[in-house]
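Asks: Next up is a structure, given as structure tokens.
The values are calculated or read from the model by the stated rules, or taken from the named source; none is laboratory data. The structure presented is a predicted model; accordingly, all values stated were derived computationally and were not measured. Glycine also receives a Cβ, built like all others from the backbone with ideal geometry; neighbour counts cover every protein chain displayed.
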Amino acid sequence: MRHSTAHVMAAAVRRLWPDALFDIGPDTDEGFYYDFDLKHRLTAEDFPAIEAEMAKIVAENQPFVREEKTRAEVLDLMSKRGQKYKLERLADIPEGETISLYHSGDFTDLCRGPHVQSTGEIKAFKLTSVAGAYFRGDEKNQMMQRLYGTAFLSQAELDAHLKMLEEAKLRDHRTLGRDLDLFSIQESVGPGLVHWHPKGARIRSIIEEFWRREHYRAGYEMLYTPHIGRAGLWETSGHLGFYSENMYAPMDIDEQRYYIKPMNCPFHIQIYKTHKRSYRELPLRWAELGTVYRYERAGVLHGLMRVRGFTQDDAHIYCTEEQVESEVRDCVRFAIAMWRAFGFEDIVAYLATRPEKAVGEPARWELAQRSLEAALKAEGVAYEMDEGGGAFYGPKIDLKTRDAIGRQWQMSTIQFDFNEPERFDMVYTGSDGHEHRPYMVHRALLGSLERFFGILIEHYAGAFPLWLAPVQACLIPVSDKQTAAAREVAAKLRAQDFRVVVDERAEKMGAKIRDAQMQKIPYMLVLGGREIENGTVSVRGRVAGDLGAMPLDAFIEKMDAERQVALK
């Protein structure tokens, strides 16, 4: 239905601008888009006119008619219409594959389908945005205009979705990151490269400390590895053969070619190979917050969600066949616990199985897939099968979670790898005295810290819970006379590991409270002459409002109890 609506939108655009050239118009998870090469610059002001034309086409109840054609016939048709992008897409269709057109009214598109029976079946739709997109995603090609929209089976569903989109705008991590002074991406340095400001860096350090503590508790050890490696390492791993387009240009050092790392796993393998390994040592659980760099096209960069330099929440487990299922189960349990600690409860899993082209013995694949599925069942995690969706080097579990406004994010991955152990000839000595190939599991719980932080900002709309808030309390002296006392109170709170600031600006108290509220600080502590005399602070909560005066020790107990909820 959404794909059919994309056709209706394209037909409407052609009615309004007959010179439009068309590329593709697929459906997406939340709607659809269509790419146009158009002299007229589309803006949101054009949306009402396009939607009105779409409504006419829907009212005309035009049937969608499929027609199979020969390559020569489609070539002739699109050539006569000057649709050069359709000609390129036609060339992509392999020889011998069926070529189909879909007609609706006077609009014809090169399309596999399927579609609804007629335009009249389209019930509720809305155009949402327009953006630039290079043809085929290559910045060397023509910049197209990508018009986005969405469609639902009822107006009520559409209204609910649009309400969610409005809420998403208010939670946009790029806007909140600027307003709350958390991070920036500066053009003078380069797109996709993140600068963590003091408050954002404070939250990151809290996340990292929590992450490390939980990993040590779960039996992991920490690694630190270099940022660059010789070309031979990346040739052995296969990255230069399969991933070079996402790697940055090499550098020559001492007449040797080096690459900046896009992944951490080859370095972890090198540490594994520094010793002969015995089955008695396994499993080895090694984790690293490793910063990697990958080339992402400029058109897909998006705040913290898609960057070029990021720190991976990375770990690798090396284990025996007998240990596989319990290790995977521990990973699933660990991932869910980690996400729930950060306030995410709605978690589902996708089990991706062996694709047609795969490396590794079928028996190992079967064991790995069986272990993944058994772990999900044992932990009571709802899951869906993604048949053939595994990587060529192993099956995987993807865990997805929903945020506060219902959007789904894919973050945790538990990935088997039968490729790297073969390429690097990894072995351990078994109880039988013979060499065996270890099972290798790639595992990321949070994904990248940058993307996770972006999701966290939007989940909480910048109003972080106390344990994550970069500033937990703001002390507001009523006048300059109370400034020294406010500093003393701040020192006592810092001695208890609370993050506090003193607002010493020459502003009215009401303005200070309002600014602290705008900065989403959990608590504001007003300190006047009466409070100093009584040894109290007047407490105002970000959500609860005025909580009245309370002894400082009582407030410290309240804060401590609140932060311990997540830090048990």
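Asks: Enumerate the pairs (first residue in the range 133-144 and touching a residue at least 12 places away in the same chain (Cβ under 8 Å); second residue anywhere and part of a helix (DSSP H, G or I) and surrounded by 10 or more Cβ atoms within 10 Å (Cβ to Cβ)) with beta-carbon separation below 7 Å, excluding pairs fewer than 6 apart on the same chain, so at least 6 apart or on different chains.
Replies: Once the first residue is touching a residue at least 12 places away in the same chain (Cβ under 8 Å) and sits in the range 133-144, its partners that are part of a helix (DSSP H, G or I) and surrounded by 10 or more Cβ atoms within 10 Å (Cβ to Cβ) give A133/G299; Y134/G299; F135/Y85; G137/G299; E139/A298; E139/G299; Q142/F135; M144/F135.
Asks: With the structure loaded, tell me whether P438 is touching a helix residue (DSSP H, G or I) at 6+ places or on another chain (Cβ under 8 Å) and not assigned by TED's automatic domain parsing to the domain that holds M550 or whether it fails that test.
Replies: Yes; evaluated as a whole, the condition is true for this residue.
Asks: Does the range 489-508 contain any residue that is β-branched (V, I, T), at pLDDT 90 or above, part of a helix (DSSP H, G or I) and touching a helix residue (DSSP H, G or I) at 6+ places or on another chain (Cβ under 7 Å)?
Replies: Yes - at least one qualifying residue is present in the range 489-508.
Asks: Further question: If I filter the range 431-488 down to residues being of a type in the set (D, E, K, R) and within 27 Å of R364 (Cα to Cα), which single residue comes out as surrounded by the fewest Cβ atoms within 10 Å (Cβ to Cβ)?
Replies: That would be D432.
Asks: When the range 305-327 is examined, which residues are found to be farther than 25 Å from D403 by Cα and of a type in the set (A, V, I, L, M, F, W, C)?
Replies: Those that are farther than 25 Å from D403 by Cα and of a type in the set (A, V, I, L, M, F, W, C): I317, C319, V324.
Asks: Further, regarding this structure: Which of the following residues is at positive phi, touching a helix residue (DSSP H, G or I) at 6+ places or on another chain (Cβ under 7 Å) and either assigned to a loop (DSSP other than H, G, I, E, B) or at pLDDT 90 or above (or both): G360, G380, G343?
Replies: Selected residue: G343, the only one of G360, G380, G343 that is at positive phi, touching a helix residue (DSSP H, G or I) at 6+ places or on another chain (Cβ under 7 Å) and either assigned to a loop (DSSP other than H, G, I, E, B) or at pLDDT 90 or above (or both).
Asks: Hey, another quick one. Does the range 267-276 contain at least one residue that is among the hydroxyl-bearing types (S, T, Y), in the same structural domain as D314 (by TED's automatic domain parsing) and within 27 Å of W211 (Cβ to Cβ)?
Replies: Taking every residue of the range 267-276 in turn, at least one turns out to be among the hydroxyl-bearing types (S, T, Y), in the same structural domain as D314 (by TED's automatic domain parsing) and within 27 Å of W211 (Cβ to Cβ).
Asks: Also: Name every residue in the range 509-528 that is assigned to a loop (DSSP other than H, G, I, E, B) and not basic (K, R), in order of residue number.
Replies: Answer for the range 509-528, where residues must be assigned to a loop (DSSP other than H, G, I, E, B) and not basic (K, R): Q519, I521, P522, G528.
Asks: I've got another one for you. Test L147 against the stated conditions and say whether it is of a type in the set (A, V, I, L, M) and either within 18 Å of the chain's Cα centre (by Cα) or assigned to a helix (DSSP H, G or I) (or both).
Replies: No.
Asks: So which residues in the range 395-425 are more than 22 Å from the chain's Cα centre (by Cα) and more than 15 Å from A315 (Cα to Cα)?
Replies: F418, N419, P421, E422, R423, F424, D425
Asks: Which condition breaks for M385 when tested against (1) loosely packed, with under 15 Cβ neighbours inside 10 Å; (2) of a type in the set (A, V, I, L, M, F, W, C); (3) not in a strand (DSSP E or B)?
Replies: For M385, the exception is condition (3).
Asks: Would you list the strands (runs of 3 or more DSSP E) that sit entirely within the range 245-340 and hold 3 or more residues that are modelled with pLDDT of 90 or more and surrounded by 18 or more Cβ atoms within 10 Å (Cβ to Cβ)?
Replies: Qualifying strands (runs of 3 or more DSSP E): 256-260, 284-293, 309-319.
Residue-by-condition table, conditions (1) over 35 Å from the mean Cα position of the chain (by Cα); (2) more than 22 Å from F135 (Cα to Cα); (3) surrounded by fewer than 18 Cβ atoms within 10 Å (Cβ to Cβ):
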residue: H7; (1), (2), (3): no, no, no
residue: P18; (1), (2), (3): yes, no, yes
residue: D29; (1), (2), (3): no, no, yes
residue: Y34; (1), (2), (3): no, no, no
residue: E45; (1), (2), (3): no, yes, yes
residue: A49; (1), (2), (3): no, yes, yes
residue: Q62; (1), (2), (3): yes, yes, no
residue: V74; (1), (2), (3): yes, no, no
residue: K84; (1), (2), (3): no, no, yes
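Asks: Right, next: When you look at Q472, is it touching a Pro at 6+ places or on another chain (Cβ under 6 Å) and of a type outside the set (K, R), yes or no?
Replies: Spelling it out, Q472 is indeed touching a Pro at 6+ places or on another chain (Cβ under 6 Å) and of a type outside the set (K, R).
Asks: Just wondering, is there one or more residues in the range 215-223 that are in contact with a Phe, Trp or Tyr (Cβ under 9 Å, 6 or more places away or on another chain) and either assigned to a helix (DSSP H, G or I) or small (G, A, S) (or both)?
Replies: Among the residues of the range 215-223, at least one is in contact with a Phe, Trp or Tyr (Cβ under 9 Å, 6 or more places away or on another chain) and either assigned to a helix (DSSP H, G or I) or small (G, A, S) (or both), which makes the answer yes.
Asks: Take the range 395-411 and flag every residue that is closer than 18 Å to V381 by Cβ and assigned to a loop (DSSP other than H, G, I, E, B).
Replies: P395
Residue-wise test of (1) surrounded by 12 or more Cβ atoms within 10 Å (Cβ to Cβ); (2) farther than 21 Å from W409 by Cβ; (3) among the hydroxyl-bearing types (S, T, Y); (4) not assigned by TED's automatic domain parsing to the domain that holds E288.
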residue: R136; (1), (2), (3), (4): yes, yes, no, yes
residue: R146; (1), (2), (3), (4): yes, yes, no, yes
residue: T150; (1), (2), (3), (4): yes, no, yes, yes
residue: V189; (1), (2), (3), (4): no, yes, no, no
residue: R212; (1), (2), (3), (4): yes, yes, no, no
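Asks: Could you check the range 346-357 and list, in sequence order, the residues that are more than 16 Å from Q415 (Cα to Cα) and assigned to a loop (DSSP other than H, G, I, E, B)?
Replies: If the condition is that a residue be more than 16 Å from Q415 (Cα to Cα) and assigned to a loop (DSSP other than H, G, I, E, B), then D346, E356, K357 are the ones that fit.
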